[in-house]
1. Taking into account only those residues within segment 236-251 that are more than 23 Å from Asp39 (Cα to Cα) and within 16 Å of the chain's Cα centre (by Cα), which is least open to solvent (accessible area, probe 1.4 Å)?
2. When segment 275-292 is examined, which residues are found to be open to solvent by less than 40 Å² (accessible area, probe 1.4 Å), closer than 20 Å to Glu263 by Cα and modelled with pLDDT of 80 or more?
3. Working carefully through the options Ser135, Ser162, find the one that is closer than 17 Å to Lys181 by Cα, assigned to a helix (DSSP H, G or I) and open to solvent by less than 10 Å² (accessible area, probe 1.4 Å).
4. Would you confirm, using the coordinates I've provided, whether Thr172 is at pLDDT below 95, touching a helix residue (DSSP H, G or I) at 6+ places or on another chain (Cβ under 6 Å), over 17 Å from Glu97 (Cβ atoms) and not basic (Lys, Arg)?
5. Residues being open to solvent by 70 Å² or more (accessible area, probe 1.4 Å), of a type outside the set (A, V, I, L, M, F, W, C) and part of a loop (DSSP other than H, G, I, E, B): count how many of those fall in segment 27-36.
6. Does segment 206-229 contain at least one residue that is at pLDDT below 80, in a helix (DSSP H, G or I) and open to solvent by 50 Å² or more (accessible area, probe 1.4 Å)?
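The values are calculated or read from the model by the stated rules, or taken from the named source; none is laboratory data. These numbers come from a predicted model, not from an experiment. A quick note on method: Cβ atoms are made from the backbone with ideal geometry, for glycine too, and the neighbour counts reach across all protein chains shown. Only protein heavy atoms, including side chains, enter the accessible area calculation; ligands, DNA and RNA are left aside. Shrake-Rupley method; radii C 1.70, N 1.55, O 1.52, S 1.80 Å.
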Amino acid sequence: METLLFPNRITVELTNDCNVSCTFCNRQKIKMKIGYMEDELFYKIIDEAAEKLPVKLVPFFRGEPLMHPHITELIRYAKSKGIGPVQMASNALLLDEEMQDRLIEAGIDYISFSLDTTDPAIYRCSRLKGDLQTSEKNVEQFGLKCRERKRRGLFAPTLQVSTIDMEEYKPTQAAFIEKWKNYVDVVRVYEQHDEKGRFANIEVAEKLNIFDARKPCRKVFTDMIIYYDGSLALCNYDWDEKRKLGNLNEMSIEEAWHSDEYEKIRQKHLCGAFGDEICQECQHWKIDYVEGGFLGRSYQS
């Protein structure tokens, strides 16, 4: 596997703050300082990426992106520079009508909403904060608005609503899928996994147990993940900021991408020797080697 000259997908954590506290989220297992990315750093990242197109952008990592006060202005700037597609996830709690219109105007391409169930009581059991009815109302309104815009030949983002294949959600899963097919483009059922990227479902784990030897994970050769303060994460499972891969306040993306530290990580993947790296126990690398590069179930509306 060859390293790209420049990452073709960049995840930018606009904030690690969140307004819905999920019991199954990695946030419950780590301590981290809460912060918001400075606009100047975001512009620096986008300006460099704009010189290396095409580059996908994910303005979302450990928190709720709609909490960033300038999110739509930042997305609009990225789109004006040719970055895209721009894709993010949200809990939809802040997705009021004004935010809906601002996101459409900014040009975001894809949004996935994590709602999981149609039962408010079940929702409250897995989320210590949040309001399912408010989030549902917001997504329903946004979904109908986007469908009407597409019917008229106008731009609108692709919308997804997702759930996790957990025992708590299975009783309402069929109703969940049927409900949201009426409002969004895709309904997705994700496989449950832990903070180390290991799948909880034994059948899923066994299905992926088809490899004679460890293979390299694609992400360290193609993707860059940036915490809100400019420091770099190894991947989407690197939540605790322990690895020192550089900081984009002090260096460029290109300098970090070709640094000795990044190269050491890639060599570990090529050789299958990880030591105590988080990659050692992770199973998500396998997804890129199965047919379709996809796990879980997807339902088109």
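1. Looking at the filtered set, the residue picked out is Asp238.
2. Listed by number, the residues that qualify are Cys279, Cys282, Trp285.
3. Numbers: Ser162 fails: assigned to a helix (DSSP H, G or I).
Ser135 is the lone residue from the list that is closer than 17 Å to Lys181 by Cα, assigned to a helix (DSSP H, G or I) and open to solvent by less than 10 Å² (accessible area, probe 1.4 Å).
4. Numbers: at pLDDT below 95: yes; touching a helix residue (DSSP H, G or I) at 6+ places or on another chain (Cβ under 6 Å): no; over 17 Å from Glu97 (Cβ atoms): yes; not basic (Lys, Arg): yes.
Here the answer is no, as Thr172 does not meet what is asked.
5. Going through segment 27-36, the residues open to solvent by 70 Å² or more (accessible area, probe 1.4 Å) turn out to be 28-29, 31, 33-34, 36.
Narrowing the set further to residues that are of a type outside the set (A, V, I, L, M, F, W, C) leaves 28-29, 31, 33, 36.
Keeping just the survivors that are part of a loop (DSSP other than H, G, I, E, B) gives 31, 33.
Of the residues in that region, 2 qualify.
6. Start the filter on segment 206-229 by keeping residues that are at pLDDT below 80, which leaves 206-213.
Next, only the ones that are in a helix (DSSP H, G or I) stay: 206-207.
Filter once more, keeping what is open to solvent by 50 Å² or more (accessible area, probe 1.4 Å): 206-207.
For segment 206-229, residues at pLDDT below 80, in a helix (DSSP H, G or I) and open to solvent by 50 Å² or more (accessible area, probe 1.4 Å): present.
Quick grid of which residues meet (1) open to solvent by 50 Å² or more (accessible area, probe 1.4 Å); (2) touching a Leu at 6+ places or on another chain (Cβ under 7 Å); (3) free of Cβ contacts under 8 Å to residues at least 40 places away in the same chain; (4) farther than 24 Å from Trp180 by Cα:
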site: Phe24; (1), (2), (3), (4): yes, no, no, no
site: Glu38; (1), (2), (3), (4): yes, no, yes, yes
site: Thr72; (1), (2), (3), (4): no, yes, yes, yes
site: Gly82; (1), (2), (3), (4): no, yes, yes, yes
